[in-house]
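A quick write-up on the structure given underneath.
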Amino acid sequence: TALTAARAAVVALPSEAVLLERLGGLQLAAGDTNQAITTLATLVRAIPKSAAARLRLADAYLVAGKTDEAEDQLRLALRVDPTSLPAQRANVAMAVRQKNPAKALQLARSLQSQFPNDALGFRLEGNLEASRKNWGPAASAFRKALVLDSAGDAPVRLHWVLGTAGKAAEATQFERAWLKEHPRDAGFIVHLADMAMLRSDWPAAEDGYRQVLELQPENALAMNNLAYLLVQLKKPGALPLAERAVALAPGRPEMLDTLALVHAEAKQFDQALAAQRKAVSLAPDSPGLRLALARLYLQAGDKEKARVELASLAKRGKSFSGHDEVVALLKQAGQ
């Protein structure tokens, strides 16, 4: 419906930049990459001195696998506006994509020189060093980012780096100090709850997600994760949380996956299957979602449909981490 409306709007106003940008974005989201490139190229011709327009076209080229064309647009975006932070960040990402970490690091440090009060250059350096497991330099970069403008996820990344580097005491010290100064940092609390989930510390995870919802009652991610946790703990209250999360983020397959799990736990298999099928339709290339759908079909007693999903997954072979479960479920389904 949105695509139809956007096309009609562009026909009526073919040179209107806002409409061209919106149509190109919708085409890209719908998987119509070639049409998106055509639309966004028209946008660039309409506003050739816009770095943002060239970045949008570069994104479309990357989705299409046309790296050279994307790099050309990035270069032109920087020529149009050498101070554009989004263009420079995209340039760093391009260097990483091209497996040139030295260039990416040089570009990140150039950003630090150009914008010494902005955290972006230091955040990019931290991420680059962390990707190479250079934990000390990564932590140092994130610490510098903490006290600058646009610190973003630097606290989360620093805490993660310290923990991953085996510096548990230092991570705990930072966690306490940060929360003392920023008790309402919902993003950091979500991170702590997620980490608690990973180490199976259910009480800490539940407490964390509930804190987030007190601070941000409409936080769909916290609702979704708390609903999942309540199912694991066999506690009541998961269904309204999962339903609200889906209502707030209807296009997120992971939210529908959790809703399906909640319904299945209550033996409501019709509702569970409807939610899981919708999740698969939103992310058809996700083997994990298809495996969950196959499990639901088996729970609901529909072995034929389970076999169809499992046979498709079996073709992935051992490259799929759930291959052993697929084999076991195929036997259970009578194949």
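The values are calculated or read from the model by the stated rules, or taken from the named source; none is laboratory data. These numbers come from a predicted model, not from an experiment. Every residue, glycine among them, receives a Cβ derived from its backbone with ideal geometry; neighbour counts consider all protein chains shown. Just so you know, the surface numbers come from the protein's heavy atoms only, side chains and all, with ligands and any DNA or RNA stripped out. Shrake-Rupley method; radii C 1.70, N 1.55, O 1.52, S 1.80 Å.
Return a whole-number percent for the relative contact order of the chain, with Cα pairs under 8 Å and 6 or more residues apart as the contact set. Mind dumping the intermediate values first?
Working: 405 pairs, mean separation 18.3, N = 335.
That works out to 5 percent.
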* Asked: Measuring from label point to label point, each 7 Å out along Cα→Cβ, what is the Arg316 to Arg45 span in nm?
  -> 4.2
* How much of the accessible area of the chain, probe 1.4 Å, is carbon plus sulfur, in whole percent? -> 53
* Asked: Cα centroid distance between the stretch 239-295 and the stretch 88-124, in Å?
  -> 38
* Given (i) 20.1; (ii) 18.9; (iii) 16.0 as candidate values of mean projected area of the Cα convex hull in nm², which corresponds to the one derived from the coordinates? -> (i)
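With charges only on Cβ, +1 for K and R and -1 for D and E, what is the dipole size of the chain about its Cα centre, in debye, rounded to 20?
Working: 42 positive and 35 negative charges, 142 e Å.
Computed charge dipole of the chain: roughly 680 debye.
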* To do: Among Ser150, Leu105, Val190, flag the residue with its Cα farthest along the positive direction of the charge dipole of the stretch 60-203, charges on Cβ as +1 for Lys/Arg and -1 for Asp/Glu.
  => Leu105
* Quickly work out the Arg277-to-Ser150 label distance, labels modelled 7 Å from Cα along the C-beta direction, and quote it in nm with one decimal. => 4.6
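Give Lys234/Lys303; Lys278/Lys318; Lys133/Lys167 a once-over and call out the pairs whose C-alpha atoms are over 22 Å from each other. Working shown, then result.
Numbers: Lys234/Lys303 27 Å; Lys278/Lys318 26 Å; Lys133/Lys167 14 Å.
Beyond 22 Å: Lys234/Lys303; Lys278/Lys318.
Give me the extension gain from Arg143 to Ser113: residue separation times 0.36 nm, minus the current Cα-Cα distance, reported in nm with one decimal. Working shown, then result.
Details: separation 30, 0.36 × 30 = 10.80 nm, distance 1.69 nm.
Result for the pair: 9.1 nm of gain on full extension.
Would you mind calculating the relative contact order of the stretch 94-192 from Cα pairs under 8 angstrom and at least 6 residues apart, reporting the percent as a whole number?
Details: 99 pairs, mean separation 18.3, N = 99.
Value for the stretch 94-192: 18 percent.
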* How large is the accessible surface per residue of the stretch 1-107, computed with a 1.4 Å probe and reported in Å² as a whole number? -> 55
* With unit charges on the beta carbon (Lys/Arg positive, Asp/Glu negative), name the residue among Ala227, Gln332, Leu289 whose Cα is farthest towards the positive pole of the charge dipole of the chain. => Gln332
* Within the stretch 149-238, report the GluC sites (Glu not before Pro) that DSSP leaves as loop and that have at most 15 other Cβ atoms within 10 Å. => Glu218
* Structure fact -> Over the stretch 145-223, with neighbouring protein chains present, the accessible area per residue in Å² at probe 1.4 Å is 54
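Ignoring everything except DSSP H segments at least 4 long, calculate the 222 nm mean residue ellipticity for the chain; use -39,500 (n - 2.57) per segment, divide by total residues, nearest 500. Each step should come with its number before you reach the end.
Details: 20 runs with 254 residues, N = 335.
It lands at -24000 deg cm²/dmol.
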